[in-house]
Amino acid sequence: MKKGLFITLEGPDGSGKTTQAKRLKAYLETKGREVVLTREPGGTGLAETLRSLALSPEITMSKRVESLLHVAARADHVDKVIRPALEAGKVVICDRFSDSTLIYQGILGGMDLDELERLSLFGSKGLSPDVTFLIDGNPRVLLSRREARGVTDKFEAQGLLFQEKIRQGYLTLLDRYPERMILIDGEGTPDSVTDALIKKVEKFL
Ligand code: TYD
């Protein structure tokens, strides 16, 4: 029986998810909760190995194979880290989860969303997040914020059009999963985003 709280953070590359995940963890700890912060693909030795295969620019693979690698990584992560932590009553914050598969392999990669959803649920043995925070922002705004900080990375390299597709894809998922997905405006300062997250998370504590 699951007793903890399973939170996932999603959003385009560069939306600040990773920073916000750390801040949310720190906040929940001040409330006396035990928090496990983790990420996908990854979170176990095997899943990290699968991550390096799935994300390697040197290895070519079909979207079907890529989907299976992400879902296999998820299965190991859920079995070894996420489910045990939830059963122990902890809060799990996961930086990306099944929605990333639906976006990157599904909406961008052309794989069927219903099939991917079934596959991902097979991998997670039916586990879905209790709440998913979608950190959303106009890619142009996110990019200028990064440039101001002197960060130039794959976000820029992939181009604004690609980032816009990711954003639109996430907004489609928001319609698909209105009961668990919450939109967070990611264009403000990091502090304002953290405040928004905290306000929303209180309801789940
Ligand atoms: P990472 O560098 O961690 O990206 P970010 O910092 O933006 O979270 O790389 C994770 C990449 O993996 C990201 O581009 C999305 C991709 N991904 C998938 O394609 N499918 C998946 O199921 C998951 C979880 C991630």
- Query: With respect to the cross-link table entries LYS63/LYS199; LYS90/LYS200; LYS63/LYS125; LYS17/LYS63, which display a Cα-Cα separation exceeding 30 Å?
  - Reply: LYS63/LYS199
- Task: Work out from phi, with θ = phi - 60° and the Karplus expression 6.51 cos²θ - 1.76 cosθ + 1.60, the ³J(HN,Hα) of each residue of the stretch 8-19, listed in order in whole Hz, and give x for Gly and Pro.
- Result: 10, 10, 10, x, x, 3, x, 7, x, 3, 5, 4
- Task: Kindly write out, for the stretch 131-141 in residue order, the coupling ³J(HN,Hα) from the Karplus curve 6.51 cos²θ - 1.76 cosθ + 1.60 (θ = phi - 60°), rounded to whole Hz, with x marking Gly and Pro.
- Result: 8, 10, 8, 9, 8, 10, x, 5, x, 5, 5
- Query: Counting only heavy atoms of protein chains, what accessible area per residue, in Å², does the chain have with a probe of 1.4 Å?
  - Reply: 49 Å²
- Please identify, among MET181, MET111, MET61, the residue showing maximal mean-square fluctuation in a Gaussian network model of the chain using a 10 angstrom Cα cutoff. MET61
- Under the 7 Å Cα-to-Cβ spin-label approximation, ASP195 and ARG149 lie apart by a distance in nanometres of 1.9 nm
- Roughly to the nearest percent, how much of the accessible area of the chain is carbon and sulfur, given a 1.4 Å probe? 54 percent
- Task: Between GLU87 and ALA26, with labels modelled 7 Å along Cα→Cβ, what's the label distance in nm to one decimal, could you check?
- Result: 3.3 nm
- Starting from the Cα of LYS31, draw a straight line to each of the aspartates and glutamates and keep only those under 12 Å, dropping any in the same chain fewer than 8 residues away. GLU202
- Query: In debye to the nearest 20, how big a dipole does the chain give about its Cα centre with +1 on each Lys and Arg Cβ and -1 on each Asp and Glu Cβ?
  - Reply: 500 debye
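The values are calculated or read from the model by the stated rules, or taken from the named source; none is laboratory data. Keep in mind it's a predicted model, so treat the numbers as computed, not measured. Virtual Cβ from ideal backbone geometry, glycine too; neighbours counted across all protein chains shown. Note: areas computed on protein heavy atoms with side chains; ligands, DNA, RNA excluded. Shrake-Rupley method; radii C 1.70, N 1.55, O 1.52, S 1.80 Å.
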